[in-house]
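Participant: I have a structure here, written as structure tokens, and I will follow up with some questions on it.
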Ligand code: CRA
């Protein structure tokens, strides 16, 4: 949009006066932020209205991305950037004596997601709008987002994330569009006199779902999509005589809290309620909107909408859409089923078995009696149809209802036309191993969509320093098309440009060093290698392998204080699920090891270990631009894709990684020679599984370095970790090291040595860094969403 600085300043001052009855000299940070947001909202609302109007008139097919998590982070700068007014606003504010970066700090991170899955959903939201696709989000407006992490005495302590306390200026409450959700009670079918069976209900619990819409603004275009988040409320006409306080509490609890775990499925009733809540609300709104705006035959709705099931949490979309079509809109079973399969598509995000949702049949039957009937019928019809075609074994292995449980992935695959994994290796594993039986029956449904990242946030907003160097070197087209970063290859031997890249990195490191000083009171050397591992804490991600390597370096230096090492700062950021004891023990150990090493005068600044508390999107935006190395060291086959690996690459960090998830594609694109590859391959891992011949204890006993390192966890060398140290020691030596940490240790040390050697040659290092940046284009989520749009949703971008 067009905006002059003069106009902006005038708008800002007027709004400050009208909103808060104050002026520039008296306004506080909160007031400044709220005023700015309000002005920005005014700027985009006409574009938003116009785009909605256009959609209703043109009636093009739209996609709806159903996700139980979104992780947008802050929206202010991203909205300014996408509207094309970031510089104007920054300058205008500066004229008024206000620093935009300070104002931006006031906005709380919108953290209604755990990690990769939620962040991916938000990258998609940005990319869908920025590439002009009509595609909207659907989720839950949690009152409390992901917990805030405090480190006290080395331990993780969880505090509530009460992010809505000062209001949320971006959202619009649409009370007129509220819908009702029903739980429990009894249901029976009665003939309507015309030969049709209609459901009748008794004693149902009613909950009101109120939508809050947040605009997803496209980058310098006219598309504004909608992220719709639902809040649960007590229906106003509820007869309180018949309801008790417990019910009232339960109702508002529905959208109260995000489940703080993404790797473990927790079979609690509240979670199932949440899943049905946002699924039913979202589908009801879509159907009503379709009826209202299109006035076409409901049976043609498959030509106008696509619904995406992001992991299995929204898998109830399948039976709920059936229910709505059949019970509410009078469509017959067969037509409803064909439409459902055509409309739905599903992404699998993990093969970890503990994360695969299965709900006890009784639970579903009691909570959602009508949906249960429909699921039983889907399962029955499918079994009858497929038995003669594919045989009993395949049918049994792929049934939705099995062993008294409803298998949500099976429901999603069967009720949709597309199942995709999130990186090549992961999609292959789905086809060849994890979902092989489904692949036999429905080969045409399986496909890969390698994840991507919203590059605007992860470089233009978070790394202005590097963005500036790129603009000067290759022009600005990369800001619209990330593939144009490949122009950088022409400069790989240009010493001047390499120097500029180094200087940009150095400035970002200074900025992070200041933050570390402020938050952790640790002084770090900006010349040192900044070696970063930031992600959720999970055994399969192997933060422990990183820790063992740090201990090796530490003991090497204790033995030989004059050893010639390149100074390193090891930086961690990680939240552990509150109930995940082992992960919390690792956090405690990292912090105690940090204390031990950082305060050892023999070590000086050769090694520093920093654990930054409360890792979130905003912190990632500070850390990644400053990283020299990104640690992507999961056991091969376990990390479905990973996306921080792409953010590091974009910011010129080199990857230290295993052949897992999207790392493989990163190495392919940037060259293995420009990164550090180590560890077992997926085939080697599966070979161990087949033979059952991994013996971690042998490695402990036979490798003196490993022996010494592991003993330090239990012999008092690392202080204050009595039970935590023992827990980790036992997991490796007695419980046979589930994620092959010890097996990969030697090769990891080798790769780390290679890394150190390359860093000694700053020119060679920076060249490798440049090659990573130059080849990152394909990891833009603009590319990913185009593939979803073309191959799965069949939607077209606005020209
Ligand atoms: N935990 C995977 O583990 C992947 C993201 C997004 C995850 C990551 O490797 O990058 O999804 N899986 O595709 C998941 O949430 C329920 O499964 C993740 O974030």
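Participant: For the stretch 330-355, what are the residues that are within 16 Å of the ligand (Cβ to nearest atom), at pLDDT 95 or above and outside any loop (DSSP other than H, G, I, E, B)?
Facilitator: At the first step, the residues of the stretch 330-355 found to be within 16 Å of the ligand (Cβ to nearest atom) are 345-355.
Checking which are at pLDDT 95 or above leaves us with 345-352.
Those that are within 16 Å of the ligand (Cβ to nearest atom), at pLDDT 95 or above and outside any loop (DSSP other than H, G, I, E, B): 345, 346, 347.
Participant: State whether the residues of the stretch 464-486 include one that is on the phi < 0 side of the Ramachandran plot, out of contact with any strand residue (DSSP E or B) (no Cβ under 9 Å at 6 or more places or on another chain) and within 16 Å of the ligand (Cβ to nearest atom).
Facilitator: Here is the first cut: in the stretch 464-486, the residues on the phi < 0 side of the Ramachandran plot are 464-474, 476-486.
When the remaining residues are screened for being out of contact with any strand residue (DSSP E or B) (no Cβ under 9 Å at 6 or more places or on another chain), the result is 464-474, 476-480, 484-486.
Subsequent filtering for residues that are within 16 Å of the ligand (Cβ to nearest atom) retains none.
No: zero hits.
Participant: Residues that are closer than 25 Å to residue 319 by Cα: list the helices (runs of 4 or more DSSP H) wholly contained in the stretch 410-491 that include at least 2 such residues. Break it down stepwise before answering.
Facilitator: On the way: elements: 424-429, 436-441, 464-474.
Hits in the stretch 410-491: 436-441.
Participant: State the number of residues belonging to the stretch 627-637 that are outside any loop (DSSP other than H, G, I, E, B) and within 13 Å of the ligand (Cβ to nearest atom). Before the answer, list the steps.
Facilitator: Residues of the stretch 627-637 that are outside any loop (DSSP other than H, G, I, E, B), as a first pass: 629-632.
With the extra rule that they be within 13 Å of the ligand (Cβ to nearest atom), the set shrinks to 632.
Count: 1.
Participant: Could I ask something else about it? What is the residue count in the stretch 278-329 for residues that are more than 27 Å from residue 118 (Cα to Cα) and in a loop (DSSP other than H, G, I, E, B)?
Facilitator: Total meeting the criteria: 4.
Participant: Let me ask you something else. In the stretch 88-104, how many are touching a residue at least 12 places away in the same chain (Cβ under 8 Å) and out of contact with any helix residue (DSSP H, G or I) (no Cβ under 8 Å at 6 or more places or on another chain)?
Facilitator: Total meeting the criteria: 1.
Participant: Go through (1) within 16 Å of the ligand (Cβ to nearest atom); (2) part of a helix (DSSP H, G or I); (3) in contact (Cβ under 8 Å) with a residue 60 or more places away in the chain for residue 583 and report which single condition fails.
Facilitator: Looking at each condition in turn, residue 583 falls short on (3).
Participant: At least 2 residues that are within 19 Å of residue 624 (Cβ to Cβ) in each: list the helices (runs of 4 or more DSSP H) lying fully within the stretch 638-692 that qualify. Walk me through it before giving the result.
Facilitator: Numbers: elements: 644-650, 663-670, 682-691.
The qualifying helices (runs of 4 or more DSSP H) are 644-650, 663-670.
Participant: Of all residues in the stretch 113-154, how many are without any contact (Cβ under 8 Å) to a residue 40 or more places away in the chain and within 14 Å of the ligand (Cβ to nearest atom)?
Facilitator: 0
Participant: Let me ask something else about it. Within the stretch 555-576, track down each residue that is outside any loop (DSSP other than H, G, I, E, B) and either at pLDDT below 95 or under 34 Å from the mean Cα position of the chain (by Cα) (or both). Can you show your working first?
Facilitator: Going through the stretch 555-576, the residues outside any loop (DSSP other than H, G, I, E, B) turn out to be 555-559, 568-573.
Residues satisfying the conditions are 568, 569, 570, 571, 572, 573.
Participant: Let me ask another. Given the criteria assigned by TED's automatic domain parsing to the domain that holds residue 63, in contact with a strand residue (DSSP E or B) (Cβ under 7 Å, 6 or more places away or on another chain), within 30 Å of residue 641 (Cα to Cα) and within 16 Å of the ligand (Cβ to nearest atom), does residue 315 qualify? Spell out the reasoning first.
Facilitator: Numbers: assigned by TED's automatic domain parsing to the domain that holds residue 63: yes; in contact with a strand residue (DSSP E or B) (Cβ under 7 Å, 6 or more places away or on another chain): yes; within 30 Å of residue 641 (Cα to Cα): yes; within 16 Å of the ligand (Cβ to nearest atom): yes.
It is true that residue 315 is assigned by TED's automatic domain parsing to the domain that holds residue 63, in contact with a strand residue (DSSP E or B) (Cβ under 7 Å, 6 or more places away or on another chain), within 30 Å of residue 641 (Cα to Cα) and within 16 Å of the ligand (Cβ to nearest atom).
Participant: A follow-up question, please. Inspect all residues belonging to the stretch 497-514 and state whether any of them is farther than 30 Å from residue 598 by Cβ and outside any helix (DSSP H, G or I).
Facilitator: Scanning the stretch 497-514 turns up no residue that is farther than 30 Å from residue 598 by Cβ and outside any helix (DSSP H, G or I).
Participant: Also, quick follow-up: Could you tell me which numbered condition residue 621 fails, if it satisfies all but one of (1) part of a loop (DSSP other than H, G, I, E, B); (2) closer than 27 Å to residue 257 by Cβ; (3) more than 15 Å from the ligand (Cβ to nearest atom)?
Facilitator: (1)
Participant: Might you check whether a residue that is surrounded by fewer than 20 Cβ atoms within 10 Å (Cβ to Cβ) and either in a loop (DSSP other than H, G, I, E, B) or within 16 Å of the ligand (Cβ to nearest atom) (or both) occurs anywhere in the stretch 100-112?
Facilitator: yes
Participant: Being away from the ligand (no atom under 16 Å from the Cβ), in contact with a strand residue (DSSP E or B) (Cβ under 7 Å, 6 or more places away or on another chain) and touching a residue at least 40 places away in the same chain (Cβ under 8 Å) is the filter here, so list the residues in the stretch 401-443 that pass it.
Facilitator: Across the stretch 401-443, the qualifying residues are 404, 405, 406, 415, 416, 417.
Participant: Something else about it: Mind checking which helices (runs of 4 or more DSSP H) fall wholly inside the stretch 356-407 and carry at least 3 residues that are exposed (fewer than 14 other Cβ atoms within 10 Å of the Cβ) and in contact with a helix residue (DSSP H, G or I) (Cβ under 9 Å, 6 or more places away or on another chain)?
Facilitator: 369-390
The values are calculated or read from the model by the stated rules, or taken from the named source; none is laboratory data. What you are looking at is a predicted structure, and each value in this text was computed from that prediction instead of being measured. Cβ coordinates were reconstructed from backbone atoms using ideal geometry, including for glycine residues, and neighbour counts include every protein chain displayed.
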